[in-house]
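Participant: Dropping a structure here in structure tokens format, bear with me for questions.
The values are calculated or read from the model by the stated rules, or taken from the named source; none is laboratory data. Being a predicted model, the structure only gives us computed values, none of them experimental. Here Cβ is always computed from backbone atoms with ideal geometry, including for glycine, and neighbour counts include all displayed protein chains.
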Amino acid sequence: MKRTPFYGIHQSIGAKLVEFGGFEMPVQYVGIMEEHHAVRNHVGVFDVSHMGEFEVIGKDAPAFLQRVLVNDVSKLSEGKAHYSAMCYEDGGIVDDLLVYHLGDRYMLVVNASNIQKDFTWLQAHVSGEVELRDTSDSLSLLAVQGPKSPATLQKLTDVDLSKIEYYHYVRGSIAGVPMIISRTGYTGELGFELYFDSDPSVGQRVWQAVFEAGEEFDIRPVGLGARDTLRLEMGYCLYGNDIDQTTNPLEAGLGWITKLDKGDFIGKSVLDKVKSMGLKRRLVGFTLSEKAVARHGYPLAVDGAVVGEVTSGSFSPSLQRAIGMGYVSIDYARSGCTVNVRIRGREVEASIVKVPFLLRA
């Protein structure tokens, strides 16, 4: 397994390490519930250096990205980023990702488990004057998330963090280290993602400075376990669970990033047809009538007949109840509908609800 530049820090502070996306990553430090509440109420730090980064360079880069991505790259300008996805010809999702306009180039941030697959797929579709570079191993990435994240990081930079709008970034320094400071995140909280040199000594310097600055706010390191409960409360998709090559972005609730009117792109003809014919199933959120957890792959049934399948499920620390997401037949995809989750031989009632489960200010 690969290791991020922060592996030594994770070991030294007692993280429980697991395999994730080919990396040895911290799933938790002191406990998922405590780490989850730290992000919701104070500030937490995630090592997300396992994510992949590609640079796309050349005069034909905008046209190339318009063809391989579902969102409209022409709407981006330097200093901005957006959420997008790549589709196969049949409309299935290759991956979901972030796209940054860096001025003279673009940066794609992809899921760790898909780095090689994504890069190979992109290379196969290159045309014109385009250069692809996999820069994943040269960057560290920390996500500092929570209501106290601006106060924590402002101590360490001359950049006015309050001026960075959502899905925008600036180039600046934190603790004297040059980096991209991006206001994005996967938690639903106010927060920033920091992209900088992958030298472990540089990473240690940034980590220590951030934790010293956040000490007064009870800052905590946060693992993959709480990252999952936080994103699920917001209804954010996880590739490999809620979206993959068998799902299309329209049924996954990603129509808002799928710009069918921007011109041709890979998968568009199928997605046009899906839209015109109407969805047969849709990704929905649900709450359970008891604390039993609906796990990935569990059937969803109505009157004994299977009408869908769970994609993600967990106990919500914020709401203190079991929540989940899954695909159901369009007839049962409306808020207020009731389905049953088959959990270890018995059926537990679940109510279809709007996502996000947790509304944030």
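Participant: Out of all the residues in the range 307-331, which are hydrophobic (A, V, I, L, M, F, W, C), over 23 Å from the mean Cα position of the chain (by Cα) and either over 15 Å from VAL341 (Cβ atoms) or outside the structural domain of HIS296 (by TED's automatic domain parsing) (or both)? Even if it seems obvious, please write down each step before you answer.
Facilitator: Step one: filter the range 307-331 for residues hydrophobic (A, V, I, L, M, F, W, C), giving 307, 310, 315, 319, 322-323, 325, 328, 330.
Now drop any that are not over 23 Å from the mean Cα position of the chain (by Cα), which leaves 307, 330.
Once the filter is applied, which keeps residues that are hydrophobic (A, V, I, L, M, F, W, C), over 23 Å from the mean Cα position of the chain (by Cα) and either over 15 Å from VAL341 (Cβ atoms) or outside the structural domain of HIS296 (by TED's automatic domain parsing) (or both), the range 307-331 yields only ILE330.
Participant: With the requirement that a residue be in contact with a strand residue (DSSP E or B) (Cβ under 9 Å, 6 or more places away or on another chain) and surrounded by fewer than 21 Cβ atoms within 10 Å (Cβ to Cβ), what does the range 69-81 give you? Walk me through it before giving the result.
Facilitator: Taking the range 69-81 as the starting set, the residues that turn out to be in contact with a strand residue (DSSP E or B) (Cβ under 9 Å, 6 or more places away or on another chain) are 69-73, 75-81.
Those that are in contact with a strand residue (DSSP E or B) (Cβ under 9 Å, 6 or more places away or on another chain) and surrounded by fewer than 21 Cβ atoms within 10 Å (Cβ to Cβ): ASP72, LYS75, LEU76, SER77, GLU78, GLY79, LYS80.
Participant: Another question, then. State which residue pairs qualify: first residue closer than 13 Å to ARG67 by Cβ and inside the range 255-283, second residue in a helix (DSSP H, G or I) in any location, beta carbons under 6 Å apart, and separation of 6 or more residues or different chains.
Facilitator: So the pair list comes out as PHE265/ARG67; ILE266/VAL68.
Participant: Restricting the search to the range 240-249, which residues are surrounded by fewer than 21 Cβ atoms within 10 Å (Cβ to Cβ) and either farther than 18 Å from ILE330 by Cβ or in contact with a helix residue (DSSP H, G or I) (Cβ under 9 Å, 6 or more places away or on another chain) (or both)?
Facilitator: Scanning the range 240-249 gives GLY240, ASN241, ASP244, GLN245.
Participant: Can you pull out the residues in the range 8-25 that are more than 22 Å from GLN116 (Cα to Cα) and either of a type in the set (A, V, I, L, M, F, W, C) or touching a residue at least 24 places away in the same chain (Cβ under 8 Å) (or both)? Give the steps one after another, and end with the answer.
Facilitator: Initial filter on the range 8-25 (more than 22 Å from GLN116 (Cα to Cα)): 8-17.
GLY8, ILE9, HIS10, ILE13, ALA15, LYS16, LEU17, listed by residue number.
Conditions tested, residue by residue: (1) surrounded by 16 or more Cβ atoms within 10 Å (Cβ to Cβ); (2) out of contact with any Phe, Trp or Tyr (no Cβ under 8 Å at 6 or more places or on another chain).
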site: TRP121; (1), (2): yes, yes
site: GLU129; (1), (2): no, yes
site: SER136; (1), (2): yes, no
site: LEU156; (1), (2): yes, yes
site: ILE164; (1), (2): yes, no
site: VAL170; (1), (2): yes, yes
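Participant: Do any helices (runs of 4 or more DSSP H) lying entirely in the range 1-71 carry at least 2 residues that are outside the structural domain of GLU215 (by TED's automatic domain parsing), out of contact with any Lys or Arg (no Cβ under 9 Å at 6 or more places or on another chain) and modelled with pLDDT under 95, and which ones are they? Step through it out loud before you land on a result.
Facilitator: Details: elements: 7-12, 32-41, 61-68.
Answer list for the range 1-71: none.
Participant: Filter the range 190-206 for residues that are surrounded by fewer than 20 Cβ atoms within 10 Å (Cβ to Cβ) and touching a residue at least 60 places away in the same chain (Cβ under 8 Å) and give the result.
Facilitator: Filtering the range 190-206 down to residues surrounded by fewer than 20 Cβ atoms within 10 Å (Cβ to Cβ) leaves 190, 197-202, 204-205.
Across the range 190-206, the qualifying residues are SER198, ASP199, PRO200, VAL202, GLN204.
Participant: Of the numbered conditions (1) assigned to a loop (DSSP other than H, G, I, E, B); (2) closer than 23 Å to ASN114 by Cα; (3) aliphatic (A, V, I, L, M), LEU271 fails exactly one; give the number of that condition.
Facilitator: (1)
Participant: Any idea which residue in the range 280-322 is surrounded by the fewest Cβ atoms within 10 Å (Cβ to Cβ), counting only those that are among the aliphatic types (A, V, I, L, M), over 17 Å from VAL355 (Cβ atoms) and modelled with pLDDT of 95 or more? Don't jump to the end; show me each part of the working.
Facilitator: Keep residues of the range 280-322 that are among the aliphatic types (A, V, I, L, M), which gives 283-284, 288, 292-294, 300-302, 305-307, 310, 319, 322.
Those left that are additionally over 17 Å from VAL355 (Cβ atoms): 292-293, 301-302, 305-307.
Add one more test, that the residue is modelled with pLDDT of 95 or more, and what stays is 301-302, 305-307.
Details: ALA301: 16, VAL302: 16, ALA305: 8, VAL306: 14, VAL307: 21.
So, considering only residues that are among the aliphatic types (A, V, I, L, M), over 17 Å from VAL355 (Cβ atoms) and modelled with pLDDT of 95 or more, the one surrounded by the fewest Cβ atoms within 10 Å (Cβ to Cβ) is ALA305.
Participant: Could I ask something else about it? When you look at GLU129, is it at pLDDT 95 or above and not in a strand (DSSP E or B), yes or no? Let's see the steps before the verdict.
Facilitator: Working: at pLDDT 95 or above: yes; not in a strand (DSSP E or B): yes.
Considered against the rule, which asks whether it is at pLDDT 95 or above and not in a strand (DSSP E or B), GLU129 comes out as yes.
Participant: Please determine whether any residue of the range 328-344 is among the aromatic types (Phe, Trp, Tyr), modelled with pLDDT of 95 or more and not in a helix (DSSP H, G or I).
Facilitator: Just the residues of the range 328-344 that are among the aromatic types (Phe, Trp, Tyr), to begin with: 332.
Then keep just the ones that are modelled with pLDDT of 95 or more; that gives 332.
Next, only the ones that are not in a helix (DSSP H, G or I) stay: none.
There is no residue in the range 328-344 that is among the aromatic types (Phe, Trp, Tyr), modelled with pLDDT of 95 or more and not in a helix (DSSP H, G or I).
Participant: If VAL43 satisfies all but one of (1) in contact (Cβ under 8 Å) with a residue 24 or more places away in the chain; (2) of a type in the set (A, V, I, L, M, F, W, C); (3) surrounded by fewer than 18 Cβ atoms within 10 Å (Cβ to Cβ), what's the number of the condition it fails?
Facilitator: The number of the failed condition is (3).
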